[in-house]
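Step one of this worksheet: look at the structure below.
Taken together, the values in this text are just the output of simple stated rules run on the coordinates, not laboratory data. On a predicted model such as this, the values are computed, not experimentally measured, just so you know. Positions of Cβ are backbone-derived with ideal geometry, glycine not excepted, and every protein chain shown enters the neighbour counts.
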């Protein structure tokens with residue numbers, strides 16, 4: 001492995017932030033994450049790509065007796081976003097999550113909570129007459145024709161409006177209207193977000209290592225820009241596309257990244273490209289629940305896998321990565337205290 005040169009990707013945040021599976025219990029409001037002082041996370045290997053997230057853990061039970069506990073794996077929240085998520089997969093729960101404990105597949109249960117402006121409204125949605133599927137599952141049923149329909153009856157929509165969970169206000173809802181649509185729709189849709197947590201019962205034998213592995217296809221956000229169009233290449237287009245991540249505190253876009261990005265555009269233009277589309281995809285992973293185990297993660301490895309060698313990547317994460325191969329970057333930490341979440345941005349350059 002060799003150290004990756006600075007122009008390939010961003011300079012990363014130098015300060016340690018504070019991830020993953022957590023011990024849990026079923027409380028009065030659903031699943032609640034709890035902390036344990038008895039089980040240590042000896043090792044974690046987290047591999048992130050646009051196609052798959054795979055996590056491999058080694059846990060050690062420090063006690064002289066077995067521990068049986070509920071294990072919870074929280075997913076990034078999802079919700080309805082007119083004009084964006086209806087064209088992608090980020091409007092529904094994870095469906096292909098698999099978990100193995102010491103090589104044996106475990107059955108998981110899904111738990112959901114509905115949130116509106118950091119306030120849980122699951123009970124209020126139920127009181128408004130929504131079914132469990134309408135509350136948590138079927139944002140994908142929201143379709144735009146002459147007006148937006150989410151398979152929710154009008155009388156229930158009126159109840160939702162009273163608690164702020166459904167809106168007709170275009171600016172307030174900050175939705176993106178689809179290109180080429182004939183007119184502004186009469187309804188804009190649900191405003192709440194859904195938190196999904198998958199859980200299973202796990203036994204940790206005394207003074208033994210338990211290996212847990214789980215994989216799933218992540219929710220992948222997407223947006224594009226056209227910095228080269230009809231042979232036009234201007235500085236403001238470059239900066240706009242390179243800075244498209246909504247929050248630079250989670251993307252850490254810096255001058256080194258912008259130089260790499262602009263160099264790529266110039267190379268394509270000089271090679272004769274008339275139209276180039278820059279596709280930005282992002283993958284989010286919840287790290288912070290890893291702080292619920294005893295002590296820090298003793299041996300932590302993060303691997304980022306690119307789709308192709310020309311793809312650029314940005315993320316906020318401590319340390320300098322190593323290049324494992326042309327498609328794989330790797331960070332390694334001992335006694336690691338993870339940050340709350342990680343968002344990886346993948347930039348692809350498509351010549352049209």
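Using Cβ contacts closer than 10 Å as the measure, can you line up 49, 294 from fewest to most?
Working: 49 20, 294 15.
If I rank by nearby Cβ atoms, fewest first, I get 294, 49.
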### Summary
Simple SL model, points at 7 angstrom along Cα→Cβ for residue 335 and residue 158; separation in nm is 6.4
### Message
Run the Debye formula on the Cα coordinates of region 294-338, all scatterers equal and no solvent, and tell me log10 I(q)/I(0) at q = 0.16, 0.22, 0.34 1/Å.
### Response
-0.47, -0.77, -1.29
## Note on the structure
Residues 35, 306, 161 in order from fewest to most other beta-carbon atoms within 10 Å are 35, 161, 306
### Query
Tell me, 115, 192, 200 in order of fewest to most beta-carbon neighbours within 10 Å?
115, 200, 192
